[in-house]
Amino acid sequence: IFMFKLTCVRFKCSLTNTILDVLHQRAGWVEVKEDGEWDFNWCDVGWLRENYDHSYMEEHVRICHFRNHYELTRKNLMVKNLKRYRKTLEREAGRLEAAKCDFFPCTFELPSEYHLFVEEFKRSPGSTWIMKPVARSQGKGIFLFRKLKDIMEWKKNGTRSEEQRDEAQVESYVAQHYIEDPYLINGRKFDLRVYVLVTSYLPLKAWLYRDGFARFSNTRFSLSSIDDQYVHLTNVAVQKTAPDYDPEKGCKWQMHKLRLYLTAKHGSETVEALFKDIDNIFIRSLQSVQKVIINDKHCFELYGFDILLDQDLKPWLIEVNASPSLTASSQEDYELKCRLLEDTLHVVDMEGRLTGREKRVGGYDLMWNEGPVYREDVSLETLGSTYQIPNTHLGCVNDRKKQLRQLLRPFPGPKRA
Ligand code: ADP
């Protein structure tokens, strides 16, 4: 077998935050400006749209998005794919199996599903809904409502007259059941940001990062002030504009701290069940687009999953980001993102140091490899039968340095050229 060995990795990067720092610091990697040839491209989705379809990529080249990443990361398409997947499961595997997809709030796309939405709206009088533009981020354009007349204003501005209709596309929104009873800590709402790396869709190969964080709202939760973004939206981009935001304290808890807190409060059995339910969300949502995403061995994707917990400790999928923020909001956040990105590059393995059979690389644990991945070192024996334990460790200790030392031989660098 011909083994391609790079003596130096030429990279391009369209961002100027932590990822560029990590790439600059990586031994044997050199930045390429403008039109130079490259082996690795941390591109943005705009670059992908313009260049992917008419560029030839050599065998060893890697880029950080799949061509149609939006199938999972645009709010309306994610729900469409999940609904279809749930239907297929119901047909092929039955109700019980399909019910494992019930982790996203009831959602309709507007304006196309307006009538379906109104039907559902009337079935649950008094409940709260959230309206979100499908392709924006950082909480932009989002509002909550309880009465149909509250979206009339939006409808008037959003939909255009007959003549205007051809000129500009109406911006699509999703109307979604608002989770009215979020799990609160110190009276505050939060959501979880979890990182999942996909290195292949066919077969599906996905890695779960141990670190992540909870993003807290700065203001006590209440359902009486539905117009107050600081209460209801946990995006850092929103919270950091709050008048009483303290940049030193920030609004984040590391996943490890959250796991310890929940374990102290509810016991390890409950918390393990919760994290198992969260794993289920990652796998099912990736499977829902497995046949839709254009699989290409040049591509990988680092997803940021947003998960919300309700008072019964049920996890809900809010959205999936293909370009999770790599800008750091504090020193601690910077260090987490550097660890995450370094390990992402270790898994992508431009240096060719791995065997391809690894179940762990730094802070990443292999979660799915055509099927569930189990831990080798432990199994539970109950009533004579053995249960295998999933190989995931979200919020557990991340002793990545020690593990990486054992795993990686140093990259030879340009000398061997
Ligand atoms: P964006 O892409 O603009 O960040 P999100 O869908 O992530 O949009 O929503 C922003 C925030 O609004 C979330 O982080 C969460 O705090 C809150 N949110 C969104 N959808 C819901 C929902 N269905 N129920 C409760 N809170 C929600």
Seminar exercise, completed: Expected unfolding gain across residue 87-residue 261 under the 0.36 nm per residue rule, minus the alpha-carbon gap, is 58.9 nm
Problem set entry | Between 0 and 90°, nearest 10: helix 268-288 axis offset from the chain longest Cα axis | 90
For this session: Using only Cα atoms, find the angle between the long axis of helix 331-348 and the longest principal axis of the chain, and express it within 0 to 90 degrees, rounded to the nearest 10.
Result: 60
Exercise. Hey, what do the phi angles of the stretch 225-238 turn into as Karplus ³J(HN,Hα) couplings, whole Hz, using 6.51/-1.76/1.60 and θ = phi - 60°, x for Gly and Pro?
Worked result: 10, 6, 8, 8, 4, 5, 7, 9, 9, 9, 4, 4, 4, 7
For this session: Pick out, from 127, 115, 406, the residue whose Cα sits farthest towards the positive end of the charge dipole of the chain, with +1 on the Cβ of Lys and Arg and -1 on the Cβ of Asp and Glu.
Result: 406
Seminar exercise, completed: The helix 75-93 Cα axis meets the longest alpha-carbon principal axis of the chain at an angle in degrees, between 0 and 90 and rounded to 10, of 80
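Note down the net charge around residue 139, summing +1 for each Lys or Arg and -1 for each Asp or Glu among other residues with Cβ under 15 Å from its Cβ.
Net charge around residue 139: +3.
Can you give the net charge of the other residues whose Cβ lies under 9 Å from the Cβ of residue 328, counting K and R as +1 and D and E as -1?
After counting each charged neighbour, the total is -2.
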Exercise. Based on the Kirkwood radius over alpha-carbon pairs, what is the Stokes-Einstein translational diffusion coefficient of the stretch 64-164 at 25 °C with 0.890 mPa s viscosity, in µm²/s?
Worked result: 155
For this session: Pairs of Cα atoms under 8 Å, at least six residues apart: use those to get the relative contact order of the chain, whole percent.
Result: 21
For this session: Could you tell me the distance between the Cα centroids of the stretch 169-190 and the stretch 98-146, to the nearest Å?
Result: 10
For this session: Note the direction-averaged projected area, equal to a quarter of the hull surface, for the Cα convex hull of the chain, in nm².
Result: 24.8
Seminar exercise, completed: Subtracting the Cα-Cα distance of residue 49 and residue 25 from 0.36 nm times their residue separation yields 5.8 nm
Problem set entry | Estimated 222 nm signal from helices in the chain, with DSSP H stretches of n ≥ 4 weighted -39500 (n - 2.57), rounded to 500 | -9000 deg cm²/dmol
Exercise. Hey, rough spin-label estimate for residue 224 and residue 290, points 7 angstrom out along Cα→Cβ, what's it come to in nanometres?
Worked result: 4.9
For this session: Extending each Cα 7 Å along its Cβ direction at residue 119 and residue 401, get the distance between those two points in nm, one decimal.
Result: 5.9
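Each value in this text was obtained by applying a stated rule to the coordinates, not by laboratory testing. Keep in mind that what you see is a predicted model, and the values were worked out from it rather than measured. Quick reminder, even Gly has a Cβ in these numbers, built from the backbone with ideal geometry, and neighbours come from all protein chains shown.
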